[in-house]
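See below for the structure under consideration.
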Amino acid sequence: MEPLIRLVNIEKSFAHGPGRTFVLRRISFDIQDGDFVSIMGPSGAGKSTLLHILGMHDSAFAGQYH
């Protein structure tokens, strides 16, 4: 069965001095039709950033979103 949502190696980062600070790094998962999903983690873990990508409010990321 084809997943309803598929994320493959999603990465989001910001320039920080000479390098980059990663907010999300190599996030991959599938959500099937009928799945109940919860996103949990400590403050600063990237939960809101991931939700902005899933909701298509943010397009400045690397990886694949199907």
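The values are calculated or read from the model by the stated rules, or taken from the named source; none is laboratory data. Values in this document were obtained by computation on a predicted structure and should not be read as measured data. Neighbour counts are summed over all protein chains in view; Cβ atoms, including those assigned to glycine, are modelled from backbone coordinates with ideal geometry. The area values use the complete protein model at the heavy-atom level, side chains included, leaving out ligands, DNA and RNA. Shrake-Rupley method; radii C 1.70, N 1.55, O 1.52, S 1.80 Å.
Rolling a 1.4 angstrom probe over the chain with all protein chains present gives an accessible area of which 55% lies on carbon and sulfur atoms. With a cut-off of 19 Å on the backbone N, the residues of the stretch 24-65 near the modelled label site 7 Å out from L4 along Cα-Cβ are 28-40, 50-57, 65. The label point for L51 and the one for R26, both projected 7 Å from the Cα toward the Cβ, are 2.7 nm apart. For the chain, compute Rh as the Kirkwood radius over C-alpha pairs and then the Stokes-Einstein diffusion coefficient at 4 °C and 1.567 mPa s; write the answer in µm²/s, rounded to an integer. The diffusion coefficient I find is 101 µm²/s.
Look at the alpha carbon pairs under 8 Å that are at least 6 residues apart: their mean separation over the length of the chain gives a relative contact order of 42 percent.
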